[in-house]
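Visitor: I'd like to ask you about the structure that follows.
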There are 2 protein chains.
Amino acid sequence: MRIVIDAMGGDHAPGLIVQGALDAAAEWPDIQLVLVGDTAAIQACIQGTKPSNVTIEHADEVIGPDEEPVKAVRRKKQSSMVIAGQLVREGQADAMISAGNTGALMTTGLLVVGRMEGIERPALAQLMPTMDNIGVLAMDLGANMDAKPEQLLQYATIGSIYRKQVDGLKEPRIGLLNVGTEERKGNELTKAAYDLLEASPLNFIGNVEARDVLQRNCDVLVCDGFAGNIMLKAMEGTASTIMGTLKTEFKRSILTKLAAAIMMPGLRSLGKKMDYKEHGGALLLGVNGLVVKAHGSSDARAVKNAIRQTRSALISDVTACMAKEISGK
Amino acid sequence: MRIVIDAMGGDHAPGLIVQGALDAAAEWPDIQLVLVGDTAAIQACIQGTKPSNVTIEHADEVIGPDEEPVKAVRRKKQSSMVIAGQLVREGQADAMISAGNTGALMTTGLLVVGRMEGIERPALAQLMPTMDNIGVLAMDLGANMDAKPEQLLQYATIGSIYRKQVDGLKEPRIGLLNVGTEERKGNELTKAAYDLLEASPLNFIGNVEARDVLQRNCDVLVCDGFAGNIMLKAMEGTASTIMGTLKTEFKRSILTKLAAAIMMPGLRSLGKKMDYKEHGGALLLGVNGLVVKAHGSSDARAVKNAIRQTRSALISDVTACMAKEISGK
């Protein structure tokens, strides 16, 4: 099980990326990690001896966070991200993880790693936190801005396989993100996708609303990349604003600090639920290999969690299962 | 200043709707309120003498919350909602408020009250709460599911007039809801709308993200009805889940109840910010008169707040200003 890490992508690269990888290498000896990036810079982040299940692959270039994705991937063939993608494409690795430029990573998935046969457009999927900790796999969260109904059906199909294989859910419930739960709701896209999903063999439970996601109203939430991204950021923004306001309120006086101390266990559990760093990365599904996007501000813990998630997915052999099911249609 | 109230719409109709109207009538003697609905039922909710600035207009029918909007509005000509709309259309009232079926109210606005000249599709607008209490006017939140770029420009234009006239903002900042703040982000709709907005005389500040709305990243947030509705419900769902979890945590033991007591003022202010009942109703903008949607679960306070908001809008003469600006183009 070989996982390539783009050691140069993310706000805290290479330091905390390498640190997270080393922590993961120590915890799971069954994985081989390949750190791609500037060898000297990576070496400098490794104190002591390099563990035997970690190797370094040199890359001369780095794709910056603000570079135009398609241009950057086409031009920077020697970048850590593109080289990581090539290792997956050539079968030298099973998965890649990057905390770098999201657009460039999606482009790397599409152009370098390559689409899975039968999938028109890969989708960015993420396990969104729910109160019961089982999560909702929402996809697409931003890979494909103008999706077609057939593509939403493809997302549902691969999302369902993912939840079966990786999370062990028996008949994952597929929900279509919409403005109401009634059948004829929505825009032209969701109306057409509704009909396709209903005619499919999937366990389609109908339209679902963004307000109920945290209560796990479905197991796979299907949407176009524009709507999905808006939903995700609305939830993130609201959670972080409320948690931020609470923190300020708790710091107001000695008495409120006392209240904060009393409430700490409960708040910590709530904060953990809402914290992306706990939930690993987003996945680009529908490509020939696992491509995992860790959050741009990932610290060592977030990187380690992304590796944990990738390892579980690899153990379940999810990519091969998807390819089989999709091409068998 | 005459405001028609659909006394039969909403979960708590007619009781709390009438109560809210009576409270408003007592507070603002400069408004005339017309309660539309079953006369006997409304009379039964009025204890003592009916105030002189409140009249009752009888309606035989009621549009239920689950009725198909267009059918219901076309068939139930004697419903409280349709009669309220007719009073606005005929100039016998300046505004109408309903807590009933949202789709039916939008249809009433479009078909009974009528579109403003120069507006292709009215938009549902709502002042979303922000931490600074000034709010972001988001539109469209669900009137028009498949918007065209020109329609987004029309929303921006009327939204800008609204914030100038009603809220006294000098040069309202127009933001386009998108998946990133960079210029070429988004789907085909937002890319085309971006160009139109940039070429307009409006104070367009570019793309904005859903995560920053609570920090008032703009004064008018323009979006299609599908994306806007998803954003709104994602924010509502997240806020209510977090606040609900907090309540549970605070009730856990005697100590946490003590913490709750200490934190009460701060929590109350946060809860108030997040509570739709404080923020009046949503507005259907782009029709010939003010059409205000109060939340379905509105209590007397929510109804009174919707009347307060409607009164302010009428004082500012916003409908006439919009009609003038739009037709003058």
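Conditions (1) in contact with a Gly (Cβ under 8 Å, 6 or more places away or on another chain); (2) assigned to a strand (DSSP E or B); (3) without any contact (Cβ under 8 Å) to a residue 24 or more places away in the chain, marked per residue:
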site	(1), (2), (3)
A:LYS71	no, no, yes
A:ARG74	no, no, no
A:LYS77	no, no, yes
A:ILE83	no, no, no
A:LEU87	no, no, no
A:ALA93	yes, no, no
A:GLY100	yes, no, no
A:GLY103	no, no, no
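Visitor: Could you figure out which of (1) small (Gly, Ala, Ser); (2) surrounded by 24 or more Cβ atoms within 10 Å (Cβ to Cβ); (3) not assigned by TED's automatic domain parsing to the domain that holds B:ASN178 isn't true of B:GLY228?
Guide: (3)
Visitor: Restrict the check to segment B:224-246 and report whether at least one residue is in contact with a Gly (Cβ under 9 Å, 6 or more places away or on another chain), facing chain A (nearest Cβ under 7 Å) and of a type in the set (Phe, Trp, Tyr).
Guide: yes
Visitor: Taking segment A:130-168 on its own, how many of its residues are under 15 Å from the mean Cα position of the chain (by Cα) and open to solvent by 30 Å² or more (accessible area, probe 1.4 Å)?
Guide: 2
Visitor: Listed residues B:PRO29, B:PRO51; which is within 21 Å of B:ASP94 (Cβ to Cβ) and at pLDDT below 95?
Guide: Answer to the check: B:PRO51.
Visitor: A further question follows. Only one of (1) in contact with a helix residue (DSSP H, G or I) (Cβ under 9 Å, 6 or more places away or on another chain); (2) within 27 Å of A:ALA104 (Cβ to Cβ) is not met by B:PHE226, so which one is it?
Guide: If we test B:PHE226 against (1) in contact with a helix residue (DSSP H, G or I) (Cβ under 9 Å, 6 or more places away or on another chain); (2) within 27 Å of A:ALA104 (Cβ to Cβ), just (2) comes out false.
Visitor: Then there is this: Considering only segment B:291-303, state which residues are buried (at least 24 other Cβ atoms within 10 Å of the Cβ) and either more than 12 Å from B:ALA99 (Cβ to Cβ) or not assigned by TED's automatic domain parsing to the domain that holds B:ALA26 (or both).
Guide: Correct list: B:VAL291 only.
Visitor: Right, another one. Among the residues of segment A:186-201, are any part of a loop (DSSP other than H, G, I, E, B), buried (at least 18 other Cβ atoms within 10 Å of the Cβ) and more than 13 Å from chain B (Cβ to nearest Cβ)?
Guide: Within segment A:186-201 (the criterion being part of a loop (DSSP other than H, G, I, E, B), buried (at least 18 other Cβ atoms within 10 Å of the Cβ) and more than 13 Å from chain B (Cβ to nearest Cβ)), the answer is no, since none of the residues qualifies.
Visitor: Taking only pairs six or more apart or across chains, which ones have beta-carbon atoms under 6 Å, a first residue in segment B:132-161 that is more than 18 Å from B:ARG216 (Cα to Cα), and a second residue that is polar (S, T, N, Q) and at pLDDT 95 or above?
Guide: B:GLY142/B:ASN229; B:MET145/A:ASN187; B:ASP146/A:ASN187
Visitor: I need a count of the residues in segment B:113-126 that are in contact with a Leu (Cβ under 9 Å, 6 or more places away or on another chain) and open to solvent by 50 Å² or more (accessible area, probe 1.4 Å).
Guide: Counting residues in segment B:113-126 that are in contact with a Leu (Cβ under 9 Å, 6 or more places away or on another chain) and open to solvent by 50 Å² or more (accessible area, probe 1.4 Å) gives 1.
Visitor: Another question about this same structure. From B:SER312, B:SER327, B:SER269, B:SER253, grab the single residue that is within 30 Å of A:ASN133 (Cβ to Cβ) and open to solvent by 30 Å² or more (accessible area, probe 1.4 Å).
Guide: After applying the criteria, what remains is B:SER253.
Visitor: Let me ask you something else. Could you check segment B:202-215 and list, in sequence order, the residues that are touching a helix residue (DSSP H, G or I) at 6+ places or on another chain (Cβ under 8 Å), of a type outside the set (Asp, Glu) and within 14 Å of chain A (Cβ to nearest Cβ)?
Guide: Of everything in segment B:202-215, those that are touching a helix residue (DSSP H, G or I) at 6+ places or on another chain (Cβ under 8 Å), of a type outside the set (Asp, Glu) and within 14 Å of chain A (Cβ to nearest Cβ) turn out to be B:ASN207, B:ALA210, B:ARG211, B:VAL213, B:LEU214, B:GLN215.
Visitor: Moving on to the next point. Every residue in segment A:289-329 that is among the β-branched types (Val, Ile, Thr) and part of a helix (DSSP H, G or I), please.
Guide: A:VAL303, A:ILE307, A:THR310, A:ILE315, A:VAL318, A:THR319, A:ILE326, listed by residue number.
Visitor: Right, something else. From the residues in segment B:85-132 that are at positive phi and touching a helix residue (DSSP H, G or I) at 6+ places or on another chain (Cβ under 7 Å), which one is modelled with the lowest pLDDT?
Guide: Filtering first and then ranking leaves B:GLY118.
Visitor: Could you please find all residues in segment B:14-29 being open to solvent by less than 30 Å² (accessible area, probe 1.4 Å), of a type in the set (Gly, Ala, Ser) and over 13 Å from B:ALA306 (Cβ atoms)?
Guide: The answer is B:ALA25, and nothing else.
Visitor: Among (1) at the interface with chain A (Cβ under 10 Å from one of its Cβ atoms); (2) in contact (Cβ under 8 Å) with a residue 12 or more places away in the chain; (3) closer than 24 Å to B:GLY175 by Cα, there is one condition B:GLY286 misses while meeting the rest; what is its number?
Guide: Every listed condition holds for B:GLY286 apart from (1).
Visitor: Could you please let me know if A:VAL220 is open to solvent by less than 20 Å² (accessible area, probe 1.4 Å), more than 9 Å from chain B (Cβ to nearest Cβ) and touching a residue at least 12 places away in the same chain (Cβ under 8 Å)?
Guide: For A:VAL220, the condition - open to solvent by less than 20 Å² (accessible area, probe 1.4 Å), more than 9 Å from chain B (Cβ to nearest Cβ) and touching a residue at least 12 places away in the same chain (Cβ under 8 Å) - is met.
Visitor: From the set of residues in segment B:169-185 that are within 12 Å of another protein chain (Cβ to nearest Cβ) and surrounded by fewer than 21 Cβ atoms within 10 Å (Cβ to Cβ), which is nearest to A:GLU236 (Cα to Cα)?
Guide: Taking the candidates together, the pick is B:GLY180.
Visitor: So which residues in segment A:105-133 are part of a loop (DSSP other than H, G, I, E, B) and within 15 Å of A:VAL292 (Cα to Cα)?
Guide: A:PRO122
Visitor: Within segment B:278-287, does at least one residue satisfy the condition of being open to solvent by 30 Å² or more (accessible area, probe 1.4 Å) and in a helix (DSSP H, G or I)?
Guide: yes
Visitor: Could you check segment B:247-272 and list, in sequence order, the residues that are more than 8 Å from every other protein chain (Cβ to nearest Cβ), in a helix (DSSP H, G or I) and of a type in the set (D, E, K, R)?
Guide: Selection gives B:LYS247, B:LYS257, B:ARG268, B:LYS272.
Visitor: Please state which one of B:VAL36, B:VAL62, B:VAL82 is out of contact with any Lys or Arg (no Cβ under 9 Å at 6 or more places or on another chain) and open to solvent by less than 70 Å² (accessible area, probe 1.4 Å).
Guide: Sole residue among the options that is out of contact with any Lys or Arg (no Cβ under 9 Å at 6 or more places or on another chain) and open to solvent by less than 70 Å² (accessible area, probe 1.4 Å): B:VAL36.
Rundown of residues vs (1) in contact with a Cys (Cβ under 6 Å, 6 or more places away or on another chain); (2) in the same structural domain as A:VAL291 (by TED's automatic domain parsing); (3) under 17 Å from A:LEU232 (Cα atoms), yes/no style:
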| site | (1), (2), (3) |
| --- | --- |
| A:ASP132 | no, no, no |
| A:LEU141 | no, no, yes |
| A:THR157 | no, no, no |
| A:ILE161 | yes, no, no |
| A:LYS191 | no, no, no |
| A:LEU196 | no, no, no |
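The values are calculated or read from the model by the stated rules, or taken from the named source; none is laboratory data. Please read these numbers as outputs of a predicted model, since none were measured by experiment. A quick note on method: Cβ atoms are made from the backbone with ideal geometry, for glycine too, and the neighbour counts reach across all protein chains shown. Accessible surface is based on the protein model in full, side chains and every heavy atom, while ligands, DNA and RNA are left aside. Shrake-Rupley method; radii C 1.70, N 1.55, O 1.52, S 1.80 Å.
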